[in-house]
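Worksheet: one structure, shown below.
The values are calculated or read from the model by the stated rules, or taken from the named source; none is laboratory data. Just so you know, these numbers come straight off a predicted model, no measurement behind them. Here Cβ is always computed from backbone atoms with ideal geometry, including for glycine, and neighbour counts include all displayed protein chains. Surface accessibility is based on the protein's heavy atoms, side chains included, excluding ligands, DNA and RNA. Shrake-Rupley method; radii C 1.70, N 1.55, O 1.52, S 1.80 Å.
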Amino acid sequence: MNNIKNKIRKNSIALMALTLGVMSPAMLTSCGDFLEIEPQNETVLENFWNEKTDVEAVIAGCYSQLQSEAIISRMMIWGEYRSENVVYTDEDHKDTNLEKVLKENLTANNGYTKWEDFYSVINKCNTILKYAPGVAKVDPSYTESQLKADIAEVTAIRSLCYFYLIRTFRDVPYTETCYEDDSEEEGKQAMALPATDFNTVLSTLISSLEAVREDALEGYPLTTNSYSSYFNTGRITKWAIYAMLCEMYLWQKDYDKCIDFANKIIEHKKQEVKSMKSLFTQDDFANWDGYPLIGTRYRGSSTQFGRGFNQIFVEGNSIESIFELTFIKGDDNLASNVPYGNFYGGQDRKPWVNVSSYVSLDEWNATYKVFDKQNKGLDMRAYENIAWKGKEEPDYINKTTASTTNSRLIAPTANDFWSSSTWSRQYSTFGMNHDSRNKANVIYYRLSDIMLLAAEAYSQLISQESGDVTSDADVKNLYNAFKLVNAVNKRSIGEQVLKDTLALKNYKTKEAITNLVYEERHRELMFEGKRYYDLVRRSQRDGNTEYLASKCSNKDTNLQSIIQSKMKKMDAIYWPYNLDEIKVNPNLHQNSAFGSGESSSIEAN
């Protein structure tokens, strides 16, 4: 037990020094205090859980481990790389496991199917939940409200990890018991649990979050810590828990509750920006139908755009942010986002993955399979998402190579992607932060994401399955869905005087408005680790993989028939359990789509 405890504390302290600055000054000073108490190899459990700073130290360790390469790379790969957005590029690096994922040649011995780092965070959370109440009994400074807030924060971190696991593997071992045994082998045996089915885990996560949501802090006060301004978006708050519940209820098909939590967040954001005149004016609210979204146009300029992109992705922790894993820009001594630097490259480095032609050439070729034709070639997301070398040659993905440089885009001529001499990309040093120095934040939830989750929920409340909707209730739900999509879409158009480009008259059926929501989520959240999970959620609801397979197969014309064939089975849209997990856990049975799992990928029909 002592060795495991030493590891927990040692990892928490070492990683905390590199963490994003979202921890309190007290947590940082407690590290030295602890190390001065006694040598680490003499630390015993009873000497650790005695004061609130002990609890804070392990919470810091949870956030620090979320920043690890193992976890960030999997969050992105699991949520994005089987979709149509990205393809493999073998420039400077050969990652066979990554190549197989991107080519839909997925096997149970692929390294990206390993999940132990997620369970390590889960175990830290379970440990805190077990011992924190005891600390409150012996440390008078650890108040009941602080204890409850910590329990809410840790419950949310644990729930986030499980939510990634079930969306990826469907059924996974679930436990709320912490492992503290000295022996790694005995620990594996103790954790050799059968997989709990997706719906049971999802319901448990929702119940857990519902039980603590009002105990979480609404915001963190500014302190002398130079990084405290990041606390409200870089740590779990009540609003982050609301966002998680909003999405989880959508997966559970409880659409009314999804909308209810989305509305709470939207109203909170409206109140939050009322006094921020430097960021918002009444014109902004009018432009986006009353939603507090950051516009793309820079004030005082009729040609320069990218304001929202700059604040959300380049600077990070914007007013639209609800929860994101923060990496402090401009300080290479603090933690960096290594996976984003590796996968997406930068100013002087080739990426490991790149944009599929299906996405990258959509605006240039005016095929409008991704970016809507009604936007007249002026959807700035088509220019913001990708850094281009030149005609038909994408260089890297902007959203993941953010530096501190303002990104001002010169608006192109309508329907003219490249030939206009007025179009240019003004990023003087935009891609500097790359490789081990990448500082792009991992955004879990932002306002437009929540708005589009609510739009999807409204679309699914429409009871009339075919034909133009006619009942008052269905018409209202359709309009509510459209209004949310339209606001997100309109704020991205590169015009000085904005007007609606999407037309409600074109979306009269449940199928049409549902497809519009998915198309807008695709445009808005591209490369953010959301796309594949959106497609999986739709397959769960539809009871088939037709929509998912048709979309994913667009990533590469050479792989279309293979992907469509492999993804016919519902089981095949999830990932296989890693072969090592199967070997050490006799209660875990391989996903049937992957055969024995020894070497076989998905069997095509």
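Let's see how each residue does on (1) loosely packed, with under 14 Cβ neighbours inside 10 Å; (2) of a type in the set (A, V, I, L, M, F, W, C); (3) at pLDDT below 80; (4) not in a loop (DSSP other than H, G, I, E, B):
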| position | (1), (2), (3), (4) |
| --- | --- |
| LYS389 | yes, no, yes, yes |
| ASP395 | no, no, yes, yes |
| ALA402 | no, yes, yes, no |
| SER421 | yes, no, yes, no |
| SER428 | yes, no, yes, no |
Taking the stated definitions as given, is VAL485 open to solvent by 20 Å² or more (accessible area, probe 1.4 Å), in contact with a Leu (Cβ under 8 Å, 6 or more places away or on another chain) and either of a type in the set (A, V, I, L, M, F, W, C) or over 30 Å from TYR383 (Cα atoms) (or both)? no
Output for segment 507-521, where each listed residue is in a helix (DSSP H, G or I), closer than 21 Å to ARG381 by Cβ and open to solvent by 20 Å² or more (accessible area, probe 1.4 Å): ASN515, GLU519
State whether the residues of segment 522-529 include one that is crowded, with 23+ Cβ neighbours inside 10 Å, of a type in the set (Gly, Ala, Ser) and either modelled with pLDDT under 95 or under 30 Å from ARG167 (Cα atoms) (or both). no
In segment 65-75, the residues that are part of a helix (DSSP H, G or I) and surrounded by fewer than 23 Cβ atoms within 10 Å (Cβ to Cβ): GLN65, LEU66, GLU69, ALA70, ILE71, ILE72, SER73, MET75
Being assigned to a helix (DSSP H, G or I) and within 23 Å of ILE386 (Cα to Cα): is that true of LYS583 here? no
Could you please find all residues in segment 478-497 being basic (Lys, Arg) and either more than 12 Å from MET451 (Cβ to Cβ) or in a helix (DSSP H, G or I) (or both)? LYS483, LYS490
Enumeration of residues in segment 93-114 that are part of a loop (DSSP other than H, G, I, E, B), of a type in the set (A, V, I, L, M, F, W, C) and either at pLDDT below 95 or closer than 15 Å to ARG82 by Cβ (or both): LEU106
Taking GLY494 as meeting all but one of (1) open to solvent by 10 Å² or more (accessible area, probe 1.4 Å); (2) in contact with a Pro (Cβ under 8 Å, 6 or more places away or on another chain); (3) small (Gly, Ala, Ser), write down the number of the exception. (1)
Those residues that are open to solvent by less than 40 Å² (accessible area, probe 1.4 Å), touching an Asp or Glu at 6+ places or on another chain (Cβ under 7 Å) and within 22 Å of ASN199 (Cα to Cα), I need them from segment 540-595; list them, please. LEU588, ASN591, ALA593
Kindly provide the set of residues from segment 120-149 that are closer than 30 Å to SER592 by Cα and open to solvent by less than 30 Å² (accessible area, probe 1.4 Å), ordered by number. VAL121, ILE122, ASN123
